[in-house]
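Step one of this worksheet: look at the structure below.
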Amino acid sequence: MTLKEILADKELAMHKKKSEIQKTDYSNVLLDSAQKAFNSGIQKLEVLVYEAVIKKERNEEMFKNYLNGWVLNHSVGMRYLKLLFCYDSKELEYIQNKENFDKYYDAILNKDDVQEYFWAILEAKNIEASAVVKGSNFLTPVLSFELIDENTARIKLAISPSNVLDSHKDVHIPNLWKKSLSENKYDLLLQEHQMDFDKVITDSISGELKVYTEMISVKELMSKFQTSKEYNGAEEITPKQQEPSKDTQTTNKRRRN
């Protein structure tokens with residue numbers, strides 16, 4: 001939905017948002033945005049983590065992709081339960097949306113990607129998680145890979161970090177998965193959101209998948225994301241050594257209309 005469509009009927013826009021199961025979309029976050037995020041003052045993010053034992057016999061294609069380090073992004077198939085429309089406007093009719101914007105803006109890692117509005121996701125239900133070619137959130141790498149034997153491996157995946165503006169204009173707020181994690185009885189790790197038997201990588205019923213949240217440093221997430229340079233030719237992302245000037249700090253503190 002465009003901003004014009006949202007403003008035309010905010011209640012309808014929110015209803016549409018809640019009625020859909022959100023899946024991956026191609027991230028529009030550029031490398032320079034990632035660099036700026038790395039240099040932000042935010043130290044850690046709450047991350048939805050999928051930790052699993054995967055077997056070659058269940059999904060040979062994805063076993064090979066993880067083994068060769070070809071999986072760079074992940075995505076959560078989710079249903080929105082509670083969300084707020086955040087809009088940076090001085091018009092009186094949007095005063096509540098402006099308050100929402102001011103409340104959550106400063107906690108966004110990649111502030112430079114915010115353009116007038118975003119959705120603050122306060123509660124959501126994770127339906128499944130998937131390995132994808134390119135996700136809507138750029139900080140969704142493989143955190144660890146351990147080959148147990150030639151047919152079995154243990155993986156730890158960053159599925160969805162909080163406080164990052166993704167290509168859906170969503171910002172996940174910490175604790176949004178709390179209720180879902182306590183209620184879910186069946187979790188799935190899939191190949192590209194495909195609900196087919198041959199696209200299942202593993203599941204929780206088998207006892208080979210654990211789903212939880214963990215506070216993970218931005219530095220670690222960025223270092224894993226950085227491996228993408230081996231495949232897309234991107235330059236290495238490193239922290240700046242010098243402190244930003246006062247003028248720069250003032251400019252980046254808040255974007256207004």
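The table below lists the values:
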quantity	calculated
Extended-chain gain in nm, criterion 0.36 nm per residue less alpha-carbon gap, Y186 and L67	40.3 nm
Segment 3-232, relative contact order [Cα under 8 Å, separation at least 6], %	29
Length released on extending from I95 to K156, taking residue separation times 0.36 nm less the Cα-Cα span	17.8 nm
Sorted by Cβ density within 10 Å, fewest first, the residues S144, S162	S144, S162
In sequence order, calculated HN-Hα J values of segment 76-89 (Karplus, 6.51, -1.76, 1.60; Hz; x Gly/Pro)	9, x, 9, 10, 6, 10, 9, 8, 10, 8, 10, 9, 8, 10
Charge tally in the Cβ shell below 9 Å around R79, where Lys, Arg are +1 and Asp, Glu are -1, R79 excluded	+1
FRET efficiency estimate (nearest 0.05) - Cβ-Cβ, K10 to K179, R0 25 angstrom	0.50
Average projection area in nm² (convex hull over Cα atoms of segment 3-232, one quarter of hull surface)	12.6
Distance (nanometres) between label positions extended 7 Å along Cα→Cβ at F197 and S144	3.4
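All of the numbers you see were taken from the coordinates with simple rules; none came from a lab. Because the structure is predicted, anything quoted here is derived from the model rather than measured. A quick note on method: Cβ atoms are made from the backbone with ideal geometry, for glycine too, and the neighbour counts reach across all protein chains shown.
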